[in-house]
Amino acid sequence: MARTPAGSPPHPKGAERFNEEQATFSLKGSAQPDIQAGLAAIREVVRTLKPRPGVYRMLDARGDVLYVGKARALRNRVANYTQIAALPARLQRMVSQTRGMEIVTTNSEAEALLLEAQLIKRFRPPYNVLLRDDKSFPFILLRADHDFPRIMKHRGARKAKGDYYGPFASAGSVNTTINALQKLFLLRSCTDSFFARRDRPCLLYQIKRCSAPCVGRIDKGAYAELVHEAKDFLGGKSGAVQKKIEGAMQDAAEALDFERAAMLRDRLRAATFIQGTQAINAEGVGNADIFALAAKGGQVGIQAFFVRGGQNWGHRAFFPSHTQGVEEDEVLARVLAQFYEEVPPPRMVLVDRELPERELLELALCEVAGHRVEISVPQRGTRRRLIEQASRNAVEALDRRLAESGTQAKILRELTEFLELPEEPRRIEVYDNSHIQGTKAVGAMIVAGPEGFRKNQYRKFNIRAAQTNDDFAMMREVFTRRFARVQEEDPDRDSDQWPGLVLIDGGRGHMSAVREALEDLGIEDVPLIAVAKGPHHGREGREVFHFPDGREKTLPVNSAVLFYLQRLRDEAHRFAIGAHRAKRSRAISASPLDEIPGIGPARKRALLLHFGTAGKVRAAALEDLMRVPGVSEGVARAIYDFYHPNG
């Protein structure tokens with residue numbers, strides 16, 4: 001977000017005071033026509049603006065978003081960009097590239113702040129502080145759309161009806177917690193269709209991780225009591241839940257019901273395990289997120305702790321980009337706005353420093369959460385100790401990051417020399433295919449850079465044309481589709497979508513197939529290297545690197561560059577196999593009901609729950625089909641006619 005420069009005029013008339021001498025002073029080495037063109041574009045927009053709150057986007061000559069900012073008064077804020085001498089160097093460069101603007105007005109500055117965060121996450125502009133995080137946060141979902149609610153891990157939009165608990169820092173922490181919760185409350189985790197088909201308990205019942213409501217081993221009322229206890233436990237009332245279980249265990253022991261007492265003892269151990277996994281002491285804090293920032297070597301690291309119900313649900317380190325020239329407190333404020341664009345804010349956010357426009361950020365988060373959100377800098381007690389612990393973790397995480405980046409830079413320099421590249425690659429793409437005798441073929445592309453894997457840019461290709469067992473033809477199809485698209489979208493190569501190095505999992509034949517595919521597109525300057533195992537297949541460290549001109553090279557078995565390239569190749573292999581397995585699983589689980597026009601997931605689920613199997617749906621009479629909830633007479637007739645075309 002651009003700040004209003006000190007001493008700048010509040011009205012666009014002040015913008016006319018700009019002169020060429022200021023431009024020359026502030027943009028040394030820049031072409032004068034560039035800054036003049038940028039200023040002209042901004043002035044043109046200023047004439048149309050009113051002092052209303054809203055969001056503005058700076059656009060370059062190609063229409064790409066350079067910067068997203070919010071303003072309490074758009075006219076005043078945008079006019080300040082014509083005061084070149086008062087702008088930091090980062091924003092001076094932005095103005096010199098600006099050729100247009102887009103404006104959206106809002107009802108309030110808080111709305112503008114929320115919209116700004118959404119647009120930054122969407123467009124990822126090069127002049128905004130960016131929260132780089134490719135993974136969405138997992139939650140625990142206790143569904144409420146069934147008589148016997150299911151407990152499950154959830155990512156993405158919170159559309160399903162139920163109670164969400166999170167965020168958790170990682171999928172591992174969610175899985176560990178769910179496993180313990182199953183032992184503690186014996187809640188089911190199976191799908192509704194699996195639940196409906198059971199006629200005897202599954203293995204989870206045998207190992208005492210489910211109460212088997214599917215076959216009536218527990219009635220609806222008793223299961224509802226377990227659900228209520230689980231909600232209390234996840235909501236911060238773990239002590240009360242433990243006391244209740246302890247009392248029930250004592251009563252069972254006194255009644256000589258030792259089997260029930262043993263079961264309650266195991267549940268109590270599960271509760272103790274969950275609380276024993278807490279890495280920090282957050283007793284008395286309730287629901288809060290804790291953020292602390294560390295800066296060193298031109299980089300910024302932010303450590304976050306997630307506390308819910310006094311329990312630590314994990315921590316994660318963030319390393320935002322585009323932070324040079326931005327004050328540390330503003331970096332943290334921008335990160336919080338983007339973080340809570342996806343994650344529901346708790347009632348309390350603890351930070352290690354005062355934030356600019358803190359009250360505005362609180363107001364915006366209140367609109368997102370639907371309840372009051374307080375952002376505070378604790379000075380004493382448990383909350384202060386949490387901040388201090390987060391600060392230590394932030395420093396340590398940043399130190400590790402800097403050490404890794406130093407090693408990574410050295411590896412990239414050596415890789416550039418070994419592979420004879422014209423410059424160090426900022427974007428490395430690695431390709432692999434996965435199939436079984438040509439069937440369910442999938443191509444995979446992973447992307448890596450100096451900062452590590454860029455998982456939000458991974459791509460899968462469902463191979464269509466090459467359906468025979470021809471790996472070379474599959475590779476040709478993948479490369480033709482990938483580079484034809486990037487050539488169409490960015491022919492001038494102004495974006496970062498063009499790779500500085502392409503690695504192909506394969507040998508000389510794969511290299512020839514890829515080279516021919518790119519030559520057909522008129523692309524001859526993308527560096528290509530094929531990575532194949534040597535004559536002793538399966539022996540690590542014997543990889544052979546094939547160059548487009550037919551040369552081959554190898555690396556010593558203890559080379560750091562070799563380990564790095566193996567890691568890239570293995571990641572592409574993992575991603576390709578995962579995509580292939582998912583495609584194969586979808587084919588296996590496909591139902592004949594999918595072929596009936598007008599039958600979507602909801603009606604398919606209703607039919608399977610009512611009849612049990614697709615075969616029974618096929619054999620059902622028209623009158624039976626009409627009895628299914630959600631299936632009208634017309635839909636029932638369509639299903640019946642599909643299976644009985646001759647009446």
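Just tell me which aspartates and glutamates come within less than 19 Å, Cα to Cα, of Lys410; anything on the same chain fewer than 8 places away is out. The qualifying aspartates and glutamates are Asp399, Glu420, Glu423, Glu424, Glu451. In loop segments of the range 354-402 as defined by DSSP, the trypsin sites (Lys or Arg not before Pro) with at most 16 further C-beta atoms inside 10 Å of their C-beta are Arg372, Arg380. Please name whichever of His154, Ala222, Leu234 sits farthest to the positive end of the charge dipole of the range 139-276, dipole taken about the Cα centre and charges placed at Cβ: Lys and Arg +1, Asp and Glu -1. So the residue we want is His154. Modelled spin labels at Arg493 and Ser136, positioned 7 Å past Cα toward Cβ, are 3.6 nm from each other.
How many angstrom lie between the Cα centre of the range 244-262 and the Cα centre of the range 370-395? A separation of 41 Å, based on Cα centres. Cross-linked pairs Lys161/Lys455; Lys208/Lys604; Lys183/Lys220; Lys70/Lys161; Lys183/Lys616: Cα-Cα separations exceed 26 Å for Lys161/Lys455; Lys208/Lys604; Lys70/Lys161; Lys183/Lys616. Distance between the 7 Å Cα→Cβ label points at Leu204 and His371: 2.8 nm.
No lab work stands behind these numbers, since they all come straight from the coordinates. This is a predicted model, so every value here is computed, not measured. Methodologically, a virtual Cβ is constructed for each residue, glycine included, from the backbone with ideal geometry; neighbour enumeration extends over all protein chains shown.
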